[in-house]
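Data first, discussion second: the structure below is written as structure tokens.
What follows is calculated from the coordinates using simple rules that are stated; it is not laboratory data. Remember, it's a predicted structure, so these values are computed and weren't measured experimentally. Cβ coordinates were reconstructed from backbone atoms using ideal geometry, including for glycine residues, and neighbour counts include every protein chain displayed.
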């Protein structure tokens, strides 16, 4: 397995979103959900419509019960992508959110990889990209916006702070002491 990178530049994310929005509402939702929640690709592909919808409106949280009970927040961009996709698709409540063409199964991990990789190529990203890129991108940008490493460590189920920093591509700050400036 090759080590993949997060998408560090917001401009590249915007290009990928633009490409995917034009290509497919489903593929756009896959990308937006991944970079805004930090879910594993396997967790996303197992989602059914009923997991993200409450009647016809997107939920505020997805409940994950794979290892520990965890509520995953769905922000405005994710909810908007869900609404747009569900409104134009003919999915039923028990259908997989990321249905393959036969609608009885979700798309495969390989198909998800191809979707993400093609969008990355369109954006001119030369780094190694894979399905974990979405999760790592979430972690990288959450960290850069001030989310505590301890929260990300718990979300990613990592044993150490340094493992989480390495996972999200923050190598220059692993041995750097935190600057705590209360400045009262």
**Report entry** Contour excess over end-to-end distance, with Cα ends at residue 118 and residue 182 and 0.36 nm allotted per residue
**Finding:** 18.5 nm
Query raised in the report: For residue 93 and residue 21, what does the FRET efficiency come to when R0 = 35 Å and r is the distance between their Cβ atoms, rounded to the nearest 0.05?
Result: 0.90
Query raised in the report: Taking a quarter of the surface of the convex hull around the Cα atoms of the stretch 1-75, what do you get in nm²?
Result: 6.4 nm²
Requested in this report: Using 0.36 nm per residue of separation minus the Cα-Cα distance, give me the extension gain between residue 147 and residue 126 in nm, one decimal.
Outcome: 4.8 nm
Query raised in the report: Rounded to the nearest 500 deg cm²/dmol, what is the calculated helix-only ellipticity per residue at 222 nm for the chain, with -39500 (n - 2.57) per DSSP H run of length n ≥ 4?
Result: -14500 deg cm²/dmol
Requested in this report: For residue 111 paired with residue 14, estimate the spin-label separation in nm (one decimal), with each label point 7 Å from Cα along the Cα-to-Cβ line.
Outcome: 3.1 nm
Query raised in the report: What does the highest-first list of 128-135, 55-62 look like by mean Cβ count within 10 Å?
Result: 128-135, 55-62
Report task. Over the alpha-carbon set of the stretch 95-168, divide Rg by the Kirkwood Rh and report the Rg/Rh ratio to two decimals. Result -> 1.08
Report summary line: Distance in Å, no decimals, from the C-alpha centre of the stretch 89-149 to the one of the stretch 1-53 is 3 Å
**Report entry** For the stretch 10-132, alpha-carbon Rg relative to the globular expectation (2.2 N^0.38 Å, N residues)
**Finding:** 1.01
**Report entry** Debye equation applied to the C-alpha atoms of the stretch 76-127, log10 I(q)/I(0) at 0.16 Å⁻¹
**Finding:** -0.63
Query raised in the report: Hey, can you rank 8-20, 24-36 by average C-beta count inside 10 Å, highest first?
Result: 24-36, 8-20
Query raised in the report: Length gain on complete extension for the stretch residue 61 to residue 100, per 0.36 nm per residue less the alpha carbon to alpha carbon distance?
Result: 11.6 nm
